[in-house]
Amino acid sequence: MRNRLKAMLLASILPLASLPLTQHAIADETCLSPYTTSLIKGQEKYLQIWTLGVKGMGDESDKLVTIDVDPASNSFGKVINYVSVGGRGEAHHMGFTDDRKYIWAGRLDDNKIFVFDVGTDPSKPKLVNTIVDFDKKTGFVGPHTFYALPGRVLVGGLSNSKDHGGETGIAVYSNAGQFLSARPMPVTDGGDGYGYDIGINPAKNALLTSSFTGWNNYMMDFGTLVKDPDAMKHFGATMVMWNLKSMQPAKIFSVPGAPLEVRWSLKKGDDWAITATALTAQLWLVKKDAMANGWRRMSLQLEIRPKYRCPSISR
């Protein structure tokens, strides 16, 4: 398998695969949409993992794999089922619908989105829908983040069909897979148009997005990428706070170094979210600021420095 941006991207797959397995795994619930967490009741019995196909292994195709995680089961810790979707298209993130009856999973290269029924029999998921026109409906490519709203799914893209660069946006689908609308990431007032993750805090009417890089970069061999000064300039450097109800951008933050996963604290009374950056040693906190009458971002410097730091990223 080509060594593209696996080191960065694989790290973003694991939290979504790590569904909360016990009643006390509160921290893990921030990886999910808050509209799904209320349905988590105690011990999970099955773990669904969206896996990359590997040339020379099995049918070489991407798969949704089911593992038994019920400690009382005779097959505890074993693969009990899998659904092959055919081919390899850079399988990446997945996410539940708000009722947790379906999982949406995407591929960053061929733009296909697969919808699995995991509600009828969680031990035996079924592929019930394949969306093949994401790029044609939206102009975006690289369906990356799948985030539940009541009756709807937000799909965050990484790139676009015009030049395969970083400008992209968010698509809105019904739970049944009907395309409803598309929202481009802002490119004015400091916006760079890049996208990556989605995080929502319903109590604050807040939707926060981050940014990464386009198809031209994330499908490039990683060793080649880091040696290409021009390519290394094409990474996102913003986060956007949206009005959740209107789905309109409200404020754009400068966050250098490709901010990745967005994690809100959903504890009652809290008003902050945090992200890490792919190309720097910084964490960034976004929180309400009474003095500024709005949201602001703060840099939190880590003590551990990475061995590799990209000199071409402006800070």
By average C-beta atoms within 10 angstrom, highest first, the peptides 248-257, 150-159: 150-159, 248-257
Trypsin sites (Lys or Arg not before Pro) within region 153-236: DSSP coil, no more than 11 neighbouring Cβ in 10 Å: Lys162, Lys227
D (Stokes-Einstein, µm²/s), Kirkwood Cα radius, region 82-214, 0.692 mPa s at 37 °C: 219
Listed residue pairs exceeding 18 Å between alpha carbons, taken from Lys55/Lys78; Lys45/Lys124; Lys245/Lys267; Lys204/Lys267; Lys41/Lys124: Lys55/Lys78; Lys245/Lys267; Lys41/Lys124
Qualifying aspartates and glutamates (Cα of each under 15 Å from Cα of Lys288; at least 8 residues distant if same chain): Asp270, Asp271
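Counting each pair of different Cα atoms once, what's the Kirkwood radius of region 129-170 in Å, rounded to one decimal?
After inverting the mean inverse Cα-Cα distance, the result is 10.6 Å.
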Size of charge dipole - region 35-112 - debye, nearest 20, with Cβ of Lys, Arg +1 and Asp, Glu -1, no other charges: 120
Taking region 20-137 and dividing mean pair separation by its residue count, relative contact order in percent (alpha carbons under 8 Å, at least six apart): 18
Interchain or long-range residues, amide H under 5 Å from Trp242's placed H: Leu207, Leu208, Thr209, Ala250
Reachable lysines, given that their alpha-carbon falls under 23 Å from the alpha-carbon of Lys162 and they are not under 8 places away in the same chain: Lys112, Lys136, Lys137, Lys233
Protection proxy ranking of 32-43, 190-201 - average other beta-carbon atoms within 10 Å, highest first: 190-201, 32-43
Value of relative contact order over region 231-294, rounded to a whole percent, pairs C-alpha under 8 Å and six or more apart: 22
Value of relative contact order over region 71-173, rounded to a whole percent, pairs C-alpha under 8 Å and six or more apart: 21
Reachable aspartates and glutamates from Lys101, criterion Cα separation under 13 angstrom, eight or more residues apart if same chain: Asp117, Asp121
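Any read-out appearing in this document is the output of simple, stated calculations on the displayed coordinates, not a laboratory observation. Computed from a predicted structure; not experimentally measured. All Cβ positions, even for glycine, are placed from backbone atoms using ideal geometry, and neighbour counts span all protein chains on display.
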